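Quick notes on the structure that follows.
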Amino acid sequence: MYAVEYQKAKSAADASGLIAKSGGRALAGGQSLIGAMKLRLAQPGTLVDLAGIPELAGIRVESGTLSIGAMTRHADVAGSADVKRTIPALAALAEGIGDRQVRNMGTIGGSLANNDPAADWPAAVLALGATVITHQRRIGASDFFKGMYETALAADEIITAVSFPVPRKAAYVKFPNPASRFALVGVFVAQLADGSARVAVTGAAPSVFRAASVEAALAKAFTPDAAKAAHVDAAGLSSDLHASAAYRAHLIPVIAARAVAAA
């Protein structure tokens, strides 16, 4: 590590101002940022802690939507009766993140702002067509994710909440790395209120993406067999020491079929 200035924000607007003034970084759960700082992959001169801002945490159900505050911990989402009642797939997703220590510190807003290529939350946000709410604006899921570790957020923009429309059916299944529990391939499948199907994939490419071929298959028949029969092109997918692009392309419809069965 190295010397860093620590500031504790009182509100989202205060945090934004402190970041703009110092050129620092927002600190949510710190599960990614602190590790990157230890490796000198990130070297912010100032950390602005969001943990003491009460309006950034909490879960609310309002007229067909589920709103989760940006500083809500993964463990709180996993254990929420409101989440289990309205979108149980989100509770199951949160329960599968990292280990107990990570779930009790990591936050949904921090995960989305970081946009790790293998993170779980981006798949849920994109598949459900959620809205990311900041202290300045509302950003649709399709416009939020821009690339590897890249989002539509400005440097001093603070996520305050994420609003999820409640689907007819949804489920998330991942093929996890046994050490980190990050997804080698993770697939979130949703049948929305209008009957359309949306499928988002994480872990397989530089950023989360929608699997158009699987969506087209599920539009005809929302069944595991339909999902498994879809073809996914390996072009543009990631190859690394864990899995080749071809293997990930093979896994996507297989995991999607399991998600449909779970849904």
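Just one of the listed residues (SER142, SER111) is assigned to a helix (DSSP H, G or I) and closer than 21 Å to ALA219 by Cβ, and it is SER142. Within the stretch 15-56, being free of Cβ contacts under 8 Å to residues at least 12 places away in the same chain and over 29 Å from PHE182 (Cβ atoms) holds for LYS21, PRO54.
This table checks each residue for (1) within 19 Å of ASP156 (Cβ to Cβ); (2) part of a helix (DSSP H, G or I); (3) touching a helix residue (DSSP H, G or I) at 6+ places or on another chain (Cβ under 7 Å).
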{"site": "GLY35", "(1), (2), (3)": "no, yes, no"}
{"site": "ARG40", "(1), (2), (3)": "no, no, no"}
{"site": "PRO44", "(1), (2), (3)": "yes, no, no"}
{"site": "GLY52", "(1), (2), (3)": "yes, no, no"}
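Test LEU39 against the criterion of being among the aliphatic types (A, V, I, L, M) and loosely packed, with under 15 Cβ neighbours inside 10 Å, and give yes or no. Yes; evaluated as a whole, the condition is true for this residue.
Condition test on ALA81, is it within 22 Å of PHE145 (Cα to Cα) and at pLDDT 90 or above? Working first, answer last.
Values: within 22 Å of PHE145 (Cα to Cα): no; at pLDDT 90 or above: yes.
Spelling it out, it is not the case that ALA81 is within 22 Å of PHE145 (Cα to Cα) and at pLDDT 90 or above.
Looking only at residues in the stretch 195-253 that are basic (Lys, Arg) and in contact with a helix residue (DSSP H, G or I) (Cβ under 9 Å, 6 or more places away or on another chain), the one that is surrounded by the most Cβ atoms within 10 Å (Cβ to Cβ) is ARG198.
Please indicate, with yes or no, whether at least one residue in the stretch 6-27 is among the aromatic types (Phe, Trp, Tyr), part of a loop (DSSP other than H, G, I, E, B) and over 23 Å from the mean Cα position of the chain (by Cα). Let's see the steps before the verdict.
Applying the first criterion (among the aromatic types (Phe, Trp, Tyr)) to the stretch 6-27 yields 6.
If we keep only those that are part of a loop (DSSP other than H, G, I, E, B) as well, we get none.
No: zero hits.
Considering (1) within 23 Å of ALA230 (Cα to Cα); (2) assigned by TED's automatic domain parsing to the domain that holds ALA249, the lone condition that ASP120 does not fulfil carries the number (2). Total residues in the stretch 76-108 satisfying the condition of being in a helix (DSSP H, G or I), surrounded by fewer than 18 Cβ atoms within 10 Å (Cβ to Cβ) and either in the same structural domain as VAL214 (by TED's automatic domain parsing) or not aliphatic (A, V, I, L, M) (or both): the figure is 9. Which of the residues that make up the stretch 136-181 are more than 19 Å from SER32 (Cβ to Cβ), exposed (fewer than 15 other Cβ atoms within 10 Å of the Cβ) and under 16 Å from the mean Cα position of the chain (by Cα)? Listed by number, the residues that qualify are GLY140, SER142, ASP143. Taking the criterion of being out of contact with any strand residue (DSSP E or B) (no Cβ under 8 Å at 6 or more places or on another chain) and outside any helix (DSSP H, G or I), the only residue of the stretch 114-132 that qualifies is ASP116.
The values are calculated or read from the model by the stated rules, or taken from the named source; none is laboratory data. Being a predicted model, the structure only gives us computed values, none of them experimental. Because the Cβ atoms are built from the backbone with ideal geometry, glycine has one as well, and the counts that use them run over all protein chains shown.
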